[in-house]
Amino acid sequence: MTASKSSRARNARVGAQAAARNSAKGGSTVKNGGTVKNTGTVKNGGAARPSGANGNGGAGTATRDRNGRDQARTGAARNGAAARAPRTLEVRDEVAERGPAPWLQIATLVLALAGLGVSIYLTIAHFTESALAGCSESGLVNCTKVTTSPESYVFGIPVAVLGLAFFVFAVAIMSPWAWQSARREIHLARLASMVVGIGFVLYLIYAELFTIGSICLYCTSVHAITFVLFVLTAFAAAAWGLKPGVPWKLIPSRQSD
C-alpha cells in the first residue's frame with residue numbers, strides 16, 4: 001500500500017514536470033493520470049522569434065530594410081534612365097518660315113533671272129552692233145531704231161548696260177536668302193530699287209512711244225518683268241512688312257506693331 005502511494009506520487013511529479021515543459025512549448029495538457037498529450041500549436045507557422053523582439057518586430061525590421069534597398073535600387077535605375085534619355089530641343093514653327101510666302105520668293109528670283117538673261121543679250125547686241133533675232137526692222141516694232149537712237153544712252157551709259165547692272169542686283173536681292181534676311185536694310189533696298197526701276201521703265205516707254213516712235217520687243221519684255229517685280233515687291237511689303245525676323249502672314253495682326 002505504501003509502495004503504491006509512492007508510485008502514484010512519483011508519476012504525479014513526472015506528469016507535472018512534463019506538463020510544465022509542454023506548456024512552455026505549446027500548451028500541452030495532461031490526461032489519464034500523467035499521460036502527456038501535446039495539444040498546443042505553435043502560432044505564426046512555428047517560426048522562432050529573435051530574442052528581445054516583440055510580436056512581428058523582427059520581421060517588420062527586415063521588411064523595412066528590404067523595402068529601403070528596393071527603393072534605392074529603383075531610384076538609381078530611374079536616375080540612370082533619365083541620364084541616358086536623349087534631350088530634345090523645341091523648335092518654334094514661326095522661326096522656320098521667314099519672309100514672304102515661298103512661291104513669291106521663287107517667282108521673284110525666276111523673273112530676275114529672266115530679266116538678267118535678256119539684258120545680257122541686249123548688251124552683247126549693243127556692243128557688237130548686231131541685229132536682234134526675231135525683231136522687225138520696220139513699222140511700230142523696230143528694235144534697231146530703238147537700240148541705236150540717242151535715247152539708248154543715259155548720261156553717256158548705254159541703257160542695255162544699266163539694265164544689266166539693275167538685274168544683277170535684282171537677282172541678289174530677290175534670292176530666298178535676301179527675302180529671309182533679318183536685316184531691315186536689305187528689304188528697304190529691294191523696295192527702293194524696284195521704285196527706281198519702274199520709274200526708269202516709265203521713262204523708256206515714253207521715249208519709245210513719243211520720241212522714237214517705235215518699240216523694241218526685247219526692251220518691252222524687260223519692262224514687263226520689271227513691272228511684275230515691282231508689283232510683287234510692293235505686295236510683299238504691304239502684306240509682310242519690313243520687320244526683320246517676323247514670320248510671313250498674309251494679313252498682319254494688329255498687335256504686331
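The values are calculated or read from the model by the stated rules, or taken from the named source; none is laboratory data. Note that this is a predicted model, so its numbers are computed, not measured. For neighbour counting, all protein chains shown are included, and Cβ atoms are generated from backbone atoms with ideal geometry for every residue, glycine included. SASA here: full protein model, heavy atoms, side chains in, ligands and nucleic acids out. Shrake-Rupley method; radii C 1.70, N 1.55, O 1.52, S 1.80 Å.
A few remarks follow.
- Local net charge near CYS216, Cβ-Cβ under 13 Å (Lys/Arg +1, Asp/Glu -1): -2
- Exposure ranking of GLU137, GLU151, GLU208, GLU185 by accessible area [1.4 Å probe, largest first]: GLU185, GLU137, GLU151, GLU208
- Of SER136, SER119, the order by accessible heavy-atom surface (1.4 Å probe, DNA, RNA and ligands excluded), from most exposed downward, is SER136, SER119.
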